[in-house]
């Protein structure tokens, strides 16, 4: 993660470039994936093209907020402007694209102490150690231990549980607008305003995309803490936590996991048994409720999927997204 409190500022662009390229090369040498958000790709012949299905990012890249280019600007036009903007003339096209990608992301998230940029989401202990051992060079590159969703069995009620993911542009705008509306309340106390600001979303935050992860987002999401950084006259920076973060709440369902699994298996067996008979579609659903309370004990659909591999199956995630928004995916 890049921490703006220590990472070189735009006034030290050359040093920024040096650190970024070294970090990306180190990640790649260890086989670690990094977050390349720039909608440009370098072709084998040395030319530059726009990435597929990246229209919004391409529009933003050309906008006055980044490159201030005409809408008809080509990928090469964008690349050339990035080279000029971030002083990348002395780098190869491949290296320049890596550095430009990170610089583009920093611009997009309004990089600051409050908005750090995550370069890579999962790194090995060995890689983390190499970065820490060279911390004097990797100024502002932090290794943070974060929490993550882990599904013991991702096949149990995946459509009910839902999934989390990075905020998209639309979600970020909606959440930001909601925060502005709430914070405009003149009756809020100073403490309430502080808490509200700490629950605001940053551009690279995670949010519930669908299912209970989305429906219960406000309950599951915690509250950020505050870390104060002090700079001494000799340039030494020290940090201390002045407000501890607060965990989100726990949501407990009425679903019985054992019964849910049995209903899912029975439904799958039934659908497969009769799928070729009487032109019955190979789909189905089943719900089991407590007749005394109305509580839902099991809720199954078929076909289904595994939450643990949701993002690894692009066709599946696109299909579910299409169904959620009432569009058809061919």
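Taking the Cβ of each residue in 302, 219 as the centre, tally the other Cβ atoms inside 10 Å and list the residues starting with the fewest. Intermediate values should be presented prior to the final figure.
Numbers: 302 18, 219 11.
The order, fewest Cβ neighbours first, is 219, 302.
Over the stretch 59-175, what is the mean sequence separation of C-alpha contacts under 8 Å (at least six apart), divided by residue count, expressed as relative contact order in percent? Averaging sequence separation for qualifying contacts and normalising by length gives 10 percent for the stretch 59-175. Only Cα pairs within less than 10 Å get springs; with that Gaussian network setup on the chain, which residue of 11, 98, 132 has the largest fluctuation? Maximum fluctuation in the GNM of the chain, among the listed residues, is at 11. The simple Förster model, with R0 at 56 Å and r as the Cβ-Cβ distance, assigns residue 64 and residue 252 a FRET efficiency of 0.70. Computed from the C-beta positions of residue 147 and residue 114 and an R0 of 30 Å, the FRET efficiency is 0.95 to the nearest 0.05.
Candidate values (i) 1.20; (ii) 1.00; (iii) 1.37 were compared with Cα Rg over 2.2 N^0.38 Å computed on the shown model; the agreeing label is (i).
Using the Cβ-Cβ distance between residue 12 and residue 168 with R0 = 22 Å, the FRET efficiency computed as 1/(1 + (r/R0)^6) comes to roughly 0.10.
Quick one: which of 138-147, 247-256, 16-25 comes out on top by average Cβ neighbours within 10 Å, and what's the full order, highest first? Numbers along the way, then the final one.
Working: 138-147: 14.0, 247-256: 12.5, 16-25: 19.0.
Going by the mean number of other Cβ atoms within 10 Å, highest first, we get 16-25, 138-147, 247-256.
Quick note on the stretch 158-243: its Rg to Rh ratio, both from C-alpha atoms and Rh being the Kirkwood radius, is 1.09. Compute the Cα gyration tensor for the stretch 103-220, then decide on rounded, prolate or oblate, letting a ≥ b ≥ c be the square roots of its eigenvalues: rounded whenever a/c is under 1.5, prolate when a/b is larger than b/c in the other cases, and oblate in all that remain. Here the stretch 103-220 falls in the oblate category.
Relative contact order, percent, of the chain when contacts are C-alpha pairs under 8 Å separated by at least 6 residues?
Numbers: 398 pairs, mean separation 49.9, N = 330.
Here the relative contact order equals 15 percent.
Note on the chain: with a GNM built from Cα contacts shorter than 10 Å, the maximum mean-square fluctuation among 277, 209, 193 falls on 277.
All of the numbers you see were taken from the coordinates with simple rules; none came from a lab. The structure presented is a predicted model; accordingly, all values stated were derived computationally and were not measured. Backbone-built Cβ (ideal geometry, glycine too); neighbour counts: all protein chains shown.
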